1. Taking P123, is it at pLDDT 90 or above and closer than 27 Å to A72 by Cα?
2. On the basis of being within 11 Å of A156 (Cα to Cα) and at pLDDT 90 or above, does V200 make the cut?
3. Applying the selection to the range 49-95, what residues are part of a strand (DSSP E or B), more than 30 Å from A204 (Cβ to Cβ) and either among the hydroxyl-bearing types (S, T, Y) or at pLDDT 80 or above (or both)?
Amino acid sequence: PRWDGGVGAPAGIWSNRYTPGVGWGTPEPLATDYGPGPPLLVADPTGHVTAVWPQSAGLLSDRYTLSVGWGAAELVDAGNAAGPLFPADMGVSPNGDVIVAWTQSGVSAGKSWSIIWSKLYTPGVGWGTAEVIGSSDSGFARDVQLAVDPNGHATAVWEVGNHHIWSNRYTPGVGWGTAVPVGDSRGRVDTLEKYVRPRVVVDAGGQATAVWGRWGDLWSNRTEVP
């Protein structure tokens, strides 16, 4: 969670660990320089935890291991001068690979829009190369959500220009494919209580189901992966 350290102290990111049968330990700080957007946190089946958050230097991360605790923060991506990074979501595969997605200003089709990026963390290797998941010349891409199946495939969904829901799929060893339209999200201008941002889940077979709001109703679409 993020909270102030006291009067005059900067807001930052802190961590605490709960041990069954013992309780909560002692809070410890992860970062004091904190940018826009909430910090993200995922844990793999072995208990390793990865945290990602925005800072003035870009997108940073830290890893928690049972034998060491939190390590040293490292840069995930410095972004560019077009605008700040907004981390949106992250997921982890059973083997510990971590995928993070974020939004940042950029240029698509000669126009300045918000573009969805992604990066993969491989245990023992580190962070790889940033990839563009999706971009559009018809509006800002935003509200990206990720889901990872038991085989390490990831599905991302997001909204473009307050009108459409798009999706892309990540294949281990290959990378992200081509973004495809999933459905129409018209209706965001309605009351906020009637709008549902896109969400996605995957089952054990890799099938992804996306849900989103449209004119006050709840809509969905489902992949059919061979």
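The values are calculated or read from the model by the stated rules, or taken from the named source; none is laboratory data. In this text, all values refer to a predicted model and were calculated from it rather than measured experimentally. Cβ coordinates were reconstructed from backbone atoms using ideal geometry, including for glycine residues, and neighbour counts include every protein chain displayed.
1. Working: at pLDDT 90 or above: yes; closer than 27 Å to A72 by Cα: yes.
In short, yes.
2. Numbers: within 11 Å of A156 (Cα to Cα): yes; at pLDDT 90 or above: yes.
For V200, the condition - within 11 Å of A156 (Cα to Cα) and at pLDDT 90 or above - is met.
3. First pass over the range 49-95, keeping only residues part of a strand (DSSP E or B): 49-55, 58-65, 69-70, 74-77, 86-92.
Next, from what is left, pick out any that are more than 30 Å from A204 (Cβ to Cβ): 53-55, 58-60, 62, 69-70, 74-75, 77, 86.
Hits for the range 49-95 are W53, P54, Q55, G58, L59, L60, D62, G69, W70, E74, L75, D77.
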